[in-house]
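What follows is one structure encoded as structure tokens, with my remarks underneath.
The values are calculated or read from the model by the stated rules, or taken from the named source; none is laboratory data. Keep in mind the model is a prediction, meaning the values are calculated, not measured. Positions of Cβ are backbone-derived with ideal geometry, glycine not excepted, and every protein chain shown enters the neighbour counts. Areas reflect the complete protein model, heavy atoms only, side chains present, ligands, DNA and RNA absent. Shrake-Rupley method; radii C 1.70, N 1.55, O 1.52, S 1.80 Å.
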Amino acid sequence: MTQSFPLDGAVALVTGANRGLGRLFAAHLLQRGAARVYAAARRPETIDLPGVIPLRLDITDAADVRAAADRAGDITLLVNNAGISRWTNLLTSDVADLRAEVETNLWGTLAMVRAFAPALARNGGGAILNVLSAQSWFAYPGTNGYHVAKAAQWALTNGLRLELAGQGTRVTGLHLGAVDTDFTAAYDGPKGDPSDAVQAGLDGLAAGAAEVLADDWTAHVKRSLADDPSLLDDQIRAGVA
């Protein structure tokens, strides 16, 4: 049975909040009545959103994560938005770039959850929103390292949902296709409105959804998992993606 999560009065921490989706998450949370929003970034001086509390945080740095957990121990909502893509192929790209994608998207997210889960428990359970991708479910030439990392982060999200249920922490995964932010500047295909994706994620979180599909392309990809994977491969080769 799903349980709603009230955003009004929430105390939130958003990673990667200096630009793109992260900045929008912080702004929307303030608009929805969050009592406090910690906006985290590697360079907190780049955070320019009025009303947030800037926080220095590299999610791959254990000392940074510990310091953030000490500073923001009052949170009731953790938005794991920070992530990277190095535009990699599995066979030809530098292995260090492939490892960095997994280190940030998978292990960085897990580090944040492990650090903040005790605070969420103390504060009534709260919620976690993991920003995933339609690429959790499909490969694409030039971003296959990102695909591997996001597929692993999806599995992580599903595992955390079960493990954290006992302390009353809800875990929601937000999957989305390409949206028009700095993150996708090198991608020249169709892009959605990032505000729509953020809105969908927060709506789903507030409603207690386990998983949110932010757009039609993402919903199509999810449905395709029941089919022969070569069918989706053919669509991607034809440029449908």
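Points to keep in mind about this one:
- Percent RCO, i.e. relative contact order, over the chain, from Cα pairs under 8 Å lying at least 6 residues apart: 19 percent
- Taken about its Cα centre, the stretch 71-133 carries a charge dipole of roughly 240 debye when the Cβ of each Lys and Arg holds +1 and the Cβ of each Asp and Glu holds -1.
- Label point at ASP228 placed 7 Å out along Cα→Cβ; residues across the stretch 130-161 whose backbone nitrogen lies under 19 Å: 138-139
- Selection from ALA117, LEU132, VAL95 lying farthest towards where the dipole of the chain points positive, charges on Cβ: ALA117
- Taking the stretch 26-125 and dividing mean pair separation by its residue count, relative contact order in percent (alpha carbons under 8 Å, at least six apart): 25 percent
- Seen from ALA151, the other residues with C-beta closer than 14 Å to its C-beta sum to a net charge of +1, counting Lys and Arg as +1 and Asp and Glu as -1.
- Electrostatic dipole magnitude of the stretch 1-153 [Cβ: Lys, Arg +1; Asp, Glu -1; Cα centre; debye, to 20]: 200 debye
- When peptides 48-61, 200-213 are sorted by average Cβ neighbour count within 10 Å, with the highest value leading, the order is 200-213, 48-61.
- As a rough guide to protection, the peptides 76-82, 21-27, 36-42 ranked by mean Cβ packing within 10 Å, highest first, stand as 76-82, 21-27, 36-42.
- A 1.4 Å probe run over the chain, with the rest of the protein chains in place, finds 46 Å² accessible per residue.
- The residue among LEU7, SER85, ALA178 whose Cα reaches farthest toward the positive pole of the charge dipole of the chain, with charges on the beta-carbon of Lys, Arg, Asp and Glu, is LEU7.
- Shown for the chain: the carbon plus sulfur share of the solvent-accessible area, taken with all protein chains present and a 1.4 angstrom probe, equals 52%.
- From helices alone, the chain scores -12500 deg cm²/dmol at 222 nm; the rule is -39500 (n - 2.57) for each run of n ≥ 4 DSSP H residues, then divide by the residue total.
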